[in-house]
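Read-outs throughout are calculated quantities, based only on the coordinates presented, and are distinct from any laboratory measurement. Keep in mind that this is a model prediction, so the values were computed, not measured. Positions of Cβ are generated from backbone atoms using ideal geometry, with glycine treated the same way; all protein chains shown enter the neighbour counts.
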Amino acid sequence: MTQAHPDVLISSDSSAARWQQALSDLITDPLELAEMLDLDLADRPLSAAGLKDFPLKVPRAFAARMRPGDWNDPLLLQVWPAHAESIDHATLSKDPLQEAAFTVAPGVLQKYQGRALLMAAPHCAIHCRYCFRRHFDYDANSPSRREWLDSLSVIGKDPSIKEAILSGGDPLANNDRQLAWLIDQLGNIRHLHTLRIHTRLPIVIPERINAELLAALQRCRLKVVVVLHCNHAREIDADCEQALQALRAAGATLLNQAVVLAGINDNVTSLKDLSERLFDCGVMPYYLHLPDDVAGTAHFMVDEQRAKQLMKALRGELPGYLVPRLVQEVPGQDAKTILG
Ligand SMILES: *Cc1c(COP(=O)(O)O)cnc(C)c1O
Ligand code: SF4
């Protein structure tokens, strides 16, 4: 083992401490968030059932990008446990994608040819109210080292798998050491070409993109693709931009998936601004998802017709490479379904 220079140790320790501090100091009290934004809770009753089911979780850096005094702020709407969650609570499915059927080992989903998805983290840094994983039993699926070894062995035995996708939860919520270990192990599987990481952390806690993580990605033999999740241009501030540049400098290809959400980004201007802002930061738009049919999220629904109209307008205003593909997950298909 090489001897680390003491200065390097000090700076790396503090960078780990910084993002982990941000991850453990989340806003979880709706009252605190409302007060911070100068909003009166009496104007927007909460969903007690929604909160109980899926607590509020917002990183402070993300909340700082919300506009004070605006209940319709597109960042706030993504995390606010609105009363509507109680109304549509019972109507929709809790496993809309029927993922249970594709679980090949605890925490490993194999749904599509050549790709295996690892649920590599038990939690997220933020709770997005529209999330299709809001009813996911993370306790039952929280990977221990033992389960990671089982997952690695499943992938190691199947040469048809070319790409390992770390998903979650948010895989970057794992600590530096765990994550570096997992990345190294995946790099040792000879038939893998690509490591893909699905994450919202570079957006919501940009300090997460620290020297340890960058070093682990850089020494990895695999091509690295980071698929971000960002729904609105205003989510990306200067710190995010810097984090994204660092990921690019480490050799990662950056893509974004967004969800089209009623009242948040279901208009041409928002979607156009999002694509342009992403491109400024070196990120290519990849997918625009229609919201999944998840219990408690009906108030975010955008119907297919409306989404297709938005896409048509977007194609008229942006170069083709900045137009994301509108997709929907249809259980039982061999790929995500591209709509119009
Ligand atoms: C979406 C998804 C993938 C990746 O699909 P791409 O079209 O390659 O982005 C892989 N596995 C599962 C289980 C998925 O849901
Ligand atoms: S970060 Fe992703 S997985 Fe986590 S709550 Fe948000 S949408 Fe869901």
Item to check | Directionally averaged projected area (convex hull, Cα atoms, the range 197-253), nm² | outcome: 3.5
Checklist entry - Given 0.36 nm per residue, what is the gain on full extension from Asn267 to Gln218 after removing their alpha carbon distance, in nm? => result 13.8 nm
Checklist entry - Given Lys57/Lys223; Lys162/Lys272; Lys111/Lys223; Lys223/Lys336, which pairs have Cα atoms separated by over 29 Å? => result Lys57/Lys223; Lys162/Lys272
Checklist entry - With a ≥ b ≥ c the root eigenvalues of the C-alpha gyration tensor of the range 161-275, is it rounded (a/c under 1.5), prolate (a/b larger than b/c) or oblate? => result prolate
Checklist entry - Which of the peptides 250-260, 182-192 is most tightly packed, and how do the rest follow, judged by the mean count of other Cβ atoms within 10 Å per residue? => result 250-260, 182-192
Checklist entry - Can you work out the FRET efficiency for the pair Ala335 and His193, with r the C-beta to C-beta distance and R0 = 30 Å, to the nearest 0.05? => result 0.95
Checklist entry - R0 = 25 Å: FRET efficiency of Ala105 with Arg145, Cβ-based, nearest 0.05? => result 0.95
Checklist entry - Which of Pro206, Trp181, His191 sits farthest toward the positive end of the charge dipole of the range 169-224, with +1 on the Cβ of Lys and Arg and -1 on the Cβ of Asp and Glu? => result His191
Checklist entry - For the range 251-313, what Kirkwood radius comes out of the mean inverse Cα-Cα distance, in Å? => result 12.5
Next on the checklist: Please rank Glu276, Glu147, fewest neighbouring Cβ atoms within 10 Å first, as an exposure proxy.
Outcome noted: Glu276, Glu147
Checklist entry - Which listed residue (Gln245, Ile264, Leu31) has the Cα farthest towards the positive end of the charge dipole for the chain, taking +1 on Lys and Arg C-beta and -1 on Asp and Glu C-beta about the Cα centre? => result Gln245
Checklist outcome for this item: Sorted largest first, the Cα spans of the chain on the principal axes come out in Å as 59, 47, 43
